[in-house]
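Step one of this worksheet: look at the structure below.
Values in this text are rule-based calculations from the coordinates and carry no lab data. Predicted model, so just to flag it, every value in this text is computed and none were measured. Cβ coordinates were reconstructed from backbone atoms using ideal geometry, including for glycine residues, and neighbour counts include every protein chain displayed.
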Amino acid sequence: MPARYAIANWKMNLPPEGIETYLKALGAGGNGAARIVVAPPFLYLKDVVSLARSRVAVGGQNCADQPSGPLTGEVSAPMLRECGAEFVIIGHSERRTLFGETDAMVARKLGVAIESGLTPILCIGEDQKIRDAGEAGIFVSNQVKSAAVPPLQKVKTLLLAYEPVWAIGTGRNATGAMVREMVTEIRSALERFWPSRFVQSAPILYGGSVTPDNVADLAANGQIDGYLVGGASLDSRKFLAITTA
Ligand code: 13P
């Protein structure tokens, strides 16, 4: 399937070619129809907003689980919106594993993001141990279930990103066939736990060591609507090659 969304998660990095050159290349390059979203570190969000061309939207990599308050070091969803972000990544596995985000926190963040008018990109995915135990399907289903918050009733668009932890930053991507199996699990969980309109309409992306070299198999066999890209998104040429796959 041609990608509907291609999301660059820079994490705590900047593109070596520089933000301006990078965004110029994205604006000019490629003829794919994918909506491109760049998620820079918070400090650079406004720079990216002001330099982004029409094809490129901007997203936060995280947001607080409250709209405002005494939370030193946090950034709220309304602030992201105010600075020009349209999207926000919620529940990335690095947040869950390295910063202790629980399913309950992820659910609260999702609610605040929706109430603030941001389009959430909800990340779910199992680690290696869970996959080896044959429990990947039930694990992601439970993640979907725990994110079934009341504000879902009013959100216009919400993206899910299947990002298996074992594939993130390891150079070992899930194959298209593996991704397709998990997409089936995720759609079945959406059917059971979320308002019915999401079942078919929610775009599902894949993330985890996506590169120009492995994207063809994912596009052909993954049954996905796009990609959430870390390492390869720091190079405009590589990222563009992925967006047009
Ligand atoms: P990599 O593409 O570097 O594996 O990272 C994936 C990811 O975590 C995107 O959010």
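Taking a label point 7 Å from the Cα of E82 along the Cα→Cβ vector, which residues of region 22-47 have an amide N closer than 17 Å to it?
Flagged as within label range: 42-47.
Quick check: the distance between the Cα centres of region 110-125 and region 24-71, to the nearest angstrom?
Cα centroid to Cα centroid, the span is 15 Å.
Please list 3J(HN,Hα) in residue order for region 237-244, calculated via the Karplus relation 6.51 cos²θ - 1.76 cosθ + 1.60 where θ = phi - 60°; whole Hz, with x for glycine and proline.
3J(HN,Hα) across region 237-244, in whole Hz: 5, 5, 5, 4, 4, 6, 5, 9.
Give me the lysines in straight-line cross-link reach of K109: C-alpha distance below 26 Å, same-chain residues under 8 apart excluded.
Within the straight-line cut-off, K109 pairs with K11, K46, K145, K154, K156.
Using modelled backbone amide H atoms (1.01 Å from N, in-plane), which distant-in-sequence or interchain residues come within less than 5 Å of V210's amide H?
Amide H to amide H, under 5 Å and 5 or more residues apart or across chains, V210 pairs with G230.
Show me the ranking of peptides 214-220, 226-232 by mean Cβ neighbours inside 10 Å, starting with the highest.
226-232, 214-220
Quick check: pseudo-label points 7 Å beyond the Cα along Cα→Cβ at S68 and K46, how many nm apart are they?
A separation of 1.8 nm, rounded to one decimal place.
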